[in-house]
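Novice: Pasting a structure here, questions to come.
The values are calculated or read from the model by the stated rules, or taken from the named source; none is laboratory data. Small disclaimer: the values here were computed from a predicted structure and weren't measured. Here the Cβ positions follow ideal geometry from the backbone for every residue, glycine too, while neighbour counts run over all protein chains shown.
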Amino acid sequence: MNKMIYSVITGAGNYIPTKQIKNEDFLLNEFYEANGEKITKPNKEITEKFHEITTIAERRYVADDLKTSDIAYFAAVEAIKSAGIDKEELDYVIVANNFGDTQCDNRASDHVPSLASKVKHRLEIKNPETVAYDLTFGCPGWLQGVIQADYYIKSGDAKKILVIGAEVLSRISDPHDRDCMLYADGAGAVVLEGKESDTPIGILAHKTRSDTYSHAGLLHMGKSYNPNFENKNDLFLKMNGRRLYQYALDTVPQSIKACLDKANVSINDVKKVLIHQANGKMDDAILKRFYALYNIVDVPENVMPMSISTLGNSSVATLPTLFDLILKNKLDNHTINKNDILIFASVGAGMNINAVIYKVE
């Protein structure tokens, strides 16, 4: 069999912020409905119901002196060190994010220069042929960056690519919207390299879809639900949770199956399914529906690692962080071994969905 070039992850890193925010920390918040009516239900009841629905007990926020580009850099340093490469050999630095840099006292998005440019600068990469750019694709942004990296590597345009997912959602979440309890901060990164092999390794297949015609507005920016909020012009991340939940259940399982079938891999060979950490109960439902498409009622035990209960939803950072934690044996009861077949999948603003089938080298 002729040797082919495959995209292989050779290093990974993450940055988990130090500030632990528990559900009890929201007991003093004043919550409002989307129509501006104040919610009279006790906050203890609200937080308990939130935990039941999402499985989130706590999340992490960045320190006041850090920005998204800072934590992206921290994760990048760890990934480069893990890969054992010369940073000057990187052909691309891709940073998936949605809000650029935001300050603790100014939530306006700062995208100039791009976060990738800032990270490349912090890394002190002098090579002008190391191309740095940002990718905005909702929560699936990091995985889409991995897919783009695969295209570059397979085309012969690149040999080594750094893909980072970083977000500080705590600064663009409305403290008067119950959904603010979902959001967290974090960063994760991987280095992908092109490797010759006469048997398939690394990325075996990928699929992406965008449902914008009827679903573009499920996640959007809007004003605070508090009609008396001090700054009327401030915009926050808003979500139609019920419709998004149903959309994910209706489309994500089929998208993952299409990707697995494209790779010509049996579902029985899948060792781990890594799904974007958006909502614990939603991910459980997605997994069950995915296996049901293969007429499997009993989902294999321990197949889906989860980090959302303690880290929350850090958007583009959840998947690379989850992967790195398992890779470095920092997630209880989960390991990744040679020749394991992994599925990466994500869903988010756009609405966008993507999936990658990956074989560990």
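Novice: Residues that are buried (at least 20 other Cβ atoms within 10 Å of the Cβ) and assigned to a loop (DSSP other than H, G, I, E, B): does the stretch 312-325 have at least one?
Specialist: yes
Novice: Within the bounds of the stretch 37-54, is there any residue that is over 25 Å from Glu129 (Cβ atoms), touching an Asp or Glu at 6+ places or on another chain (Cβ under 7 Å) and surrounded by fewer than 20 Cβ atoms within 10 Å (Cβ to Cβ)?
Specialist: Checking the stretch 37-54: at least one residue is over 25 Å from Glu129 (Cβ atoms), touching an Asp or Glu at 6+ places or on another chain (Cβ under 7 Å) and surrounded by fewer than 20 Cβ atoms within 10 Å (Cβ to Cβ).
Novice: Here is a follow-up. Which residue pairs have Cβ atoms closer than 7 Å, lie 6 or more positions apart in sequence or on different chains, and pair a first residue in the stretch 158-178 that is more than 15 Å from Ala132 (Cα to Cα) with a second residue that is surrounded by fewer than 22 Cβ atoms within 10 Å (Cβ to Cβ) and β-branched (Val, Ile, Thr)?
Specialist: Listed pairs, sorted by first residue: Val168/Thr102; Arg171/Thr102; Ile172/Thr102; Arg178/Ile46.
Novice: Then there is this: Taking the criterion of being in contact with a Leu (Cβ under 9 Å, 6 or more places away or on another chain) and over 27 Å from Phe31 (Cα atoms), would at least one residue in the stretch 233-248 satisfy it?
Specialist: No, the stretch 233-248 has no match at all.
Novice: Taking the residues in the stretch 59-80 that are part of a loop (DSSP other than H, G, I, E, B) and in contact (Cβ under 8 Å) with a residue 40 or more places away in the chain as candidates, determine which candidate is surrounded by the fewest Cβ atoms within 10 Å (Cβ to Cβ).
Specialist: Across the stretch 59-80, the extreme among qualifying residues is Asp64.
Novice: Has the stretch 66-82 got any residue that is more than 21 Å from Glu167 (Cα to Cα) and more than 24 Å from the chain's Cα centre (by Cα)?
Specialist: The answer is no; no qualifying residue exists.
Novice: Tally the residues that are over 19 Å from the mean Cα position of the chain (by Cα), surrounded by 13 or more Cβ atoms within 10 Å (Cβ to Cβ) and of a type in the set (S, T, N, Q), restricting the search to the stretch 336-357.
Specialist: Looking only at that region, the number is 0.
Novice: Within the stretch 36-58, is there a residue that is among the acidic types (Asp, Glu), touching a residue at least 12 places away in the same chain (Cβ under 8 Å), on the phi < 0 side of the Ramachandran plot and not in a helix (DSSP H, G or I)?
Specialist: The answer is yes, given that some residue of the stretch 36-58 is among the acidic types (Asp, Glu), touching a residue at least 12 places away in the same chain (Cβ under 8 Å), on the phi < 0 side of the Ramachandran plot and not in a helix (DSSP H, G or I).
Novice: Got a sec? Which strands (runs of 3 or more DSSP E) wholly within the stretch 106-201 have at least 2 residues that are modelled with pLDDT of 95 or more and assigned by TED's automatic domain parsing to the domain that holds Glu48?
Specialist: Here the list reads 131-135, 160-168, 185-197.
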